[in-house]
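In what follows, a structure is listed as structure tokens, so that the remarks can point back to it.
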Amino acid sequence: MSVTTTSIAVDETPLVLHLLRRADDALILGHRLSEWTGNAPTLEEDLALANIALDLIGQSRALFDYAGSLCGLDEDQLAYRRDARQYRNLLITEQLNGDFACTIARQFLYSAFIDPYWREAMSSSDATIAAIAAKAEKETAYHLRHASEWLIRLGDGTGESHRRAQAGLEELWPFTGEFFEVDAPDQSLIDAGTIPDPAELHDGWSSRINTILARATLTRPKDSWMQTGGRTGRHSEHLGHILAELQYLQRSHPGAKW
Amino acid sequence: MVADARQRAYEAVATVTDPEIPVLTIADLGVLRDVTVNDGQVEVTITPTYTGCPAMNVIALEIDMALVRAGFTGAKIRTVLSPAWTTDWLTASGREKLLAYGIAPPDRAGGRRALFGEARAACPLCGSGDTELLAEFGSTACKSLYRCRSCREPFDAFKCH
């Protein structure tokens, strides 16, 4: 009996690899946020988290579409037919939602990084990246404001909301080191002016974190061991569970359309 | 003749409305960017308001159907991201239609950069400026939810973008 697979191979040039990294971040975080639909603490937040998820999935589609045009695949193949080890997302995006405070802490830490990233990427030497960045940046600015306002409300709220917000930050802090990682393929794109250098975004990110945490009366967690691996396909156990749900239909019926 | 075909194609496409805000046409919204006709082949260029806007698929389908009704088959519909759509592309008549429909039109550019900017929307029902933001995200990706402190009615406001 022959063994068949529904997985596809991707020719990862540095540009394709970077586009997949950013697309996977947006898709996986969007998928996680969509899990709040019908479960958020208030109707307004149900709508907000679903809207943010929709923005992120929209961004991932634009990025997959561009990556696919460079490697001869389409957005559905890239989203549905790669295995966990081929996914390139940041580990923070696949972590469990936890409680509402933990989800807001993740949205805050990630948005505070990705919003200025897209703003810088608007001046990319690659016209398609610049166009995607100009769309994404308007949306992430909104996401950052939403998460910042909630973090302040939770941190400076009741004893219980403060405790939960602080616990969320402590839990997720070890995943923030990955935002600023640069490997050889990314470095070649930075040198060519195709993508921003995340190292140059670190100070701005750090000061945004400090400003909002001070207003939220929360404590900035101490830097210690930082998790790593998402960019090379070494994931936490959570990603496989996400993909099982996300990819089920296309794995069972490859190429299905309706 | 060519100019006439282009005009007919444009007029057909310009009648397509946003499925989520049916009083607005895609021309009012600024989503319709261009219509060209070459040798009877129509190409329509549209741009999304938000990258994940689920209305885009429906809009593309309706454009195709409107063109078929006007006698153009096999139209090509192209989506472009650049230049990025902004609420400033909403036409003056589009803003009036929004207001009459009960949705506060967006402020003209500016202010959205302020992290805790006090965006204000006048109540589309009573006209009062004494309103409060209830939620940043409303019933669709392009709207937020406000309440009027004068007439106490909640209302949707188009996000400034």
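Output the residue which, of all residues in segment B:29-60 that are without any contact (Cβ under 8 Å) to a residue 40 or more places away in the chain and on the phi > 0 side of the Ramachandran plot, is nearest to the other protein chains (Cβ to nearest Cβ).
Across segment B:29-60, the extreme among qualifying residues is B:Asp39.
Which numbered condition in (1) part of a helix (DSSP H, G or I); (2) at pLDDT 95 or above is the only one that B:Val44 fails?
Just one mismatch for B:Val44, condition (1).
Considering only residues that are within 18 Å of A:Asp25 (Cα to Cα), surrounded by fewer than 17 Cβ atoms within 10 Å (Cβ to Cβ) and among the hydrophobic types (A, V, I, L, M, F, W, C), look in segment A:180-200 and name the one that is farthest from the other protein chains (Cβ to nearest Cβ).
If we take residues in segment A:180-200 being within 18 Å of A:Asp25 (Cα to Cα), surrounded by fewer than 17 Cβ atoms within 10 Å (Cβ to Cβ) and among the hydrophobic types (A, V, I, L, M, F, W, C), then A:Val182 is farthest from the other protein chains (Cβ to nearest Cβ).
Can you name every residue in segment B:1-23 that is more than 20 Å from B:Pro48 (Cβ to Cβ) and assigned to a loop (DSSP other than H, G, I, E, B)?
B:Met1
Just one of A:Asn97, A:Asn39, A:Asn51 is among the polar types (S, T, N, Q), over 15 Å from A:Leu246 (Cα atoms) and either in contact with a Leu (Cβ under 6 Å, 6 or more places away or on another chain) or not in a loop (DSSP other than H, G, I, E, B) (or both); which is it?
Going through A:Asn97, A:Asn39, A:Asn51 in turn, the sole match is A:Asn51.
Taking segment A:150-179 on its own, how many of its residues are part of a helix (DSSP H, G or I) and either open to solvent by less than 40 Å² (accessible area, probe 1.4 Å) or of a type in the set (Gly, Ala, Ser) (or both)?
Count: 19.
Please work out which residue is nearest to the other protein chains (Cβ to nearest Cβ), limiting yourself to segment B:152-161 and to residues that are outside any strand (DSSP E or B) and open to solvent by less than 50 Å² (accessible area, probe 1.4 Å). Walk me through it before giving the result.
The initial filter retains those residues of segment B:152-161 that are outside any strand (DSSP E or B), namely B:152-153, B:159-161.
Now narrow it down to the ones that are open to solvent by less than 50 Å² (accessible area, probe 1.4 Å): B:159-161.
Values: B:Lys159: 7, B:Cys160: 10, B:His161: 6 Å.
It comes out as B:His161.
Being within 14 Å of chain A (Cβ to nearest Cβ) and touching a residue at least 60 places away in the same chain (Cβ under 8 Å) is the filter; apply it to segment B:61-111 and report the residue that is nearest to B:Glu43 (Cα to Cα).
Checked segment B:61-111; the qualifying residue nearest to B:Glu43 (Cα to Cα) is B:Trp85.
Between B:Asp34, B:Asp64, which is acidic (Asp, Glu), open to solvent by 10 Å² or more (accessible area, probe 1.4 Å) and either part of a loop (DSSP other than H, G, I, E, B) or under 24 Å from A:Ala136 (Cβ atoms) (or both)? Reasoning before the result, please.
Details: B:Asp64 fails: either part of a loop (DSSP other than H, G, I, E, B) or under 24 Å from A:Ala136 (Cβ atoms) (or both).
Within the list B:Asp34, B:Asp64, the selection yields B:Asp34.
If you check every pair at least six apart or on different chains, which have Cβ atoms under 6 Å apart with a residue in segment A:213-226 that is open to solvent by less than 100 Å² (accessible area, probe 1.4 Å) first and a residue that is β-branched (Val, Ile, Thr) second?
A:Ala216/A:Ile152
The values are calculated or read from the model by the stated rules, or taken from the named source; none is laboratory data. Model, not experiment: these values are computed from the prediction. Every residue, glycine as well, gets a Cβ built from its backbone with ideal geometry; the counts of neighbours run over all protein chains shown. To get the accessible areas, we keep the full protein, side chains included, count just its heavy atoms, and leave off ligands, DNA and RNA. Shrake-Rupley method; radii C 1.70, N 1.55, O 1.52, S 1.80 Å.
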